[in-house]
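Beneath this line is the structure, given in structure tokens, with notes to follow.
Each reported figure results from applying straightforward, stated rules to the coordinates on display, with no laboratory input. Please read these numbers as outputs of a predicted model, since none were measured by experiment. Because the Cβ atoms are built from the backbone with ideal geometry, glycine has one as well, and the counts that use them run over all protein chains shown.
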Amino acid sequence: FAREEPVTWCVSGLRAEVLRLTAELQEATRAQEQAARCGLALLEENGELRQRCRDLEGQLEALSREEGPAPAQGGPRR
């Protein structure tokens with residue numbers, strides 16, 4: 001009868017460890033999901049900023065063509 005006691009303790013200890021590891025895994029999964037959401041938001045914002053930059057560069061180019069060539073920078077001043 002004394003032999004069953006360590007086996008019971010071992011099984012209950014293993015159950016407790018499985019529960020602990022399961023909770024730890026769930027927390028790690030939640031943290032990874034949050035990090036993935038943040039990363040996705042950053043990628044979307046990056047894409048929007050790149051598009052805005054392209055739009056502004058296009059506007060600058062259009063304005064530069066309308067104004068004509070810029071005056072020479074280093075010539076004598078009057």
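For Glu33 and Asp55, a Förster radius of 35 Å and the Cβ-Cβ distance give a FRET efficiency of 0.60, rounded to the nearest 0.05.
Available extension along the chain between Thr8 and Glu44 is 7.6 nm, counting 0.36 nm per residue and deducting the alpha carbon span. With N as its number of residues, segment 23-62 has a Cα radius of gyration that, divided by 2.2 N^0.38 Å, comes to 1.94.
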